[in-house]
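To start, the structure under review is shown below, and the notes come after it.
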Amino acid sequence: MYKKYWFYIVLLAHATVILYFWAMGSGSLFRLGGASAILALGRISGLILVSMALLQLLIMSRAPWLEQAFGLDKLARLHHKVGKYFIIFLIAHPLFIILSYAKFSQVGLVAEYLTLLKGDEILKTTVAFLLFLGIIVYSLLRIWKNWNFERWYYVHLAMYLAIIFAFGHQTELGGDFLLSKLFTDYWYLAYAFVAVNLLSFRFLTPLLLFKKHQFFVTDIKPETANVTSVYISGEKINEFPIRSGQFLIVRFLDKTRWAQAHPFSLSKSPDGKTLRLSIKASGDFSSEVSSIAKGTKVLIEGPYGIFTATRSRTNKTLLIAGGIGITPYMGMLEELSKANKDVVFIYGNKTQEEIALREELEELAAKYKIKIHHVLSNQDASTLSTRHLALGTIRAGFIDNELIKKLVPDVQDREVFLCGPPPMLNSLLKSLPSLGLPKNKIYFEKFSL
Ligand SMILES: Cc1cc2nc3c(=O)[nH]c(=O)nc-3n(C[C@H](O)[C@H](O)[C@H](O)COP(=O)(O)OP(=O)(O)OC[C@H]3O[C@@H](n4cnc5c(N)ncnc54)[C@H](O)[C@@H]3O)c2cc1C
């Protein structure tokens, strides 16, 4: 909890520094009004713009001091949110700067821009601007047209290129930097801070992990018609510090898959020998998992995530999963039960056949006396089979407040863990507080970054 404050302190300190140097350098211009004030606004929007770009990189750097405080999924959501406001400053910065110069020279906007373009740095900055704009437009179109995730992912990496192109003009032309060497040094330091975090945790750490553990696929097993488990082993797996509930970003190093990295949760308590991932076919990559050859090397980033049994503070818990959202619970159910917690589990699927890891789940239920309620949204109630059912119930329907209250009458006395696809999670996150559950007793993992 307190780890979050480090991040807020870093942000606040940075905001204070840029405001201070802007006030020192451009404060007097701002007070003059007219074209001078527009120039000052152009400068502060530029400082904010670059700060946002650096923040975006830092958020996605996988730095443990950030990841352990927020969880990678929440950082990814913050990354999307910041991205939405980025365009405001991307437009404001050049517009204010060109407008102020045009007013000083008493020419039109286009004429002023063409004059500025004669300088090398402005040409490079124009390339950066177009790259940023292109990425934003492409991202919006992807959401609208539901375009392929991987293609978008690689397109949006052009942001690194844009940042490099935009770099020079800041300290070469930025008025606030020209007036203060200290500020220029600080600016380089901010870049260096982000670069060190990015290089260390995003790039170097997975390579070092691979060097140490030499991860490779040992087995592939079908679980249901659309879920396949991948078993990974290697050297010194007992020293790989993963907990039940956490996830890994994996890259299978074969000819067709090496360029894609995907997040998957551990679907079995860590036993020091093997890591199991259970993968539901939901797109081009996950539908082809069964064709991964045994022996394929695996580059792993992680472990990530704070959706673990250690979050639990009280004795009573309610776990809710939708579909493949079962995976983090396979280890957590055991861990919570071993800690003598009263655990109830509600598991939603479309049909009985789609219940992943069912036998294993029921074995756990029997061993630790966990009540499991299966809820099936696309199954006719008359066809339900209670085969395998150890404790709990099986029924047709949807997981909503009414059903939760019926199955778990003391729900307001419990902590709730939620995991699954975004639509189910979003609707439960909205409705659960009306059952008397404060938000700080609801922990969740959305299967989307
Ligand atoms: C923290 C976390 C844990 C997860 N655990 C599991 C699990 O245990 N089992 C399981 O089956 N699924 C899990 N998922 C979901 C899984 O990552 C996606 O289903 C998978 O990446 C889809 O890839 P695809 O190419 O088959 O599908 P696509 O059709 O390409 O993608 C479908 C959607 O999956 C997401 N996605 C795709 N690629 C990536 C990526 N490289 N990084 C992040 N998101 C991506 C995007 O939202 C995309 O719109 C988890 C996701 C997250 C965020």
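The values are calculated or read from the model by the stated rules, or taken from the named source; none is laboratory data. Quantities reported herein were computed from a predicted structural model and do not represent experimental measurements. In this analysis, Cβ positions are derived from the backbone assuming ideal geometry, glycine residues included, and neighbour counts consider all displayed protein chains. Just so you know, the surface numbers come from the protein's heavy atoms only, side chains and all, with ligands and any DNA or RNA stripped out. Shrake-Rupley method; radii C 1.70, N 1.55, O 1.52, S 1.80 Å.
Could you work out the longest stretch of the chain that avoids the chymotrypsin sites (Phe, Trp or Tyr not before Pro) located in DSSP loops with at most 16 other Cβ atoms within 10 Å?
After excluding every exposed loop site, the longest remaining stretch is 3-146.
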Label segment 3-200 by shape, choosing from rounded, prolate and oblate, from the square roots a ≥ b ≥ c of the eigenvalues of the Cα gyration tensor; if a/c is under 1.5 it is rounded, and otherwise prolate applies when a/b is larger than b/c, oblate when it is not. oblate
Heavy-atom accessible area per residue of segment 214-304, all protein chains kept, 1.4 Å probe, expressed in Å², is 44 Å²
Partners for Lys405 among lysines (Cα-Cα distance below 22 Å; same-chain residues under 8 apart left out): Lys316, Lys341, Lys350, Lys369, Lys371, Lys430, Lys439, Lys441
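Just the accessible area per residue of segment 1-157, please: how many Å² with a 1.4 Å probe?
Value for segment 1-157: 55 Å² per residue.
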Per DSSP H run of at least 4 residues, take -39500 (n - 2.57); add these up for the chain, divide by its residues and hand me the 222 nm value, nearest 500 deg cm²/dmol. -16500 deg cm²/dmol
One quarter of the convex hull surface, Cα atoms only: what value does that give for the chain in nm²? 24.8 nm²
Shape call for segment 309-446 from the C-alpha gyration tensor, a ≥ b ≥ c root eigenvalues: rounded (a/c under 1.5), prolate (a/b greater than b/c) or oblate? oblate
Checking Thr125, Thr274, Thr383 against a Gaussian network model of the chain (alpha-carbon springs below 10 Å), the top fluctuating residue turns out to be Thr383
Dipole of segment 3-200, positive direction: furthest Cα of Ala92, Asn197, Pro64, with charges on the beta-carbon: Pro64
Under 5 Å between amide H atoms, partner at least 5 residues away or on a different chain: which partners does Ser312 have, H built in plane at 1.01 Å? none
I need the shape label for segment 190-340. Rule: rounded when a/c is under 1.5, else prolate if a/b > b/c, else oblate, with a, b, c from the alpha carbon gyration tensor. oblate
Table column - 3J(HN,Hα) (Hz), segment 210-215, Karplus curve with 6.51, -1.76, 1.60, x for Gly and Pro: 5, 4, 6, 9, 6, 4
With a 1.4 Å probe and all protein chains left in place, how much of the accessible area of the chain comes from carbon and sulfur atoms, in whole percent? 64 percent
Compute the distribution of all C-alpha to C-alpha distances in segment 229-276, in bins of 10 Å from 0, and list the percent of pairs in each, rounded to whole numbers. 24, 54, 21, 1
Considering only the chain, what is the antiparallel percent among its DSSP beta bridges, to the nearest 5? 45 percent
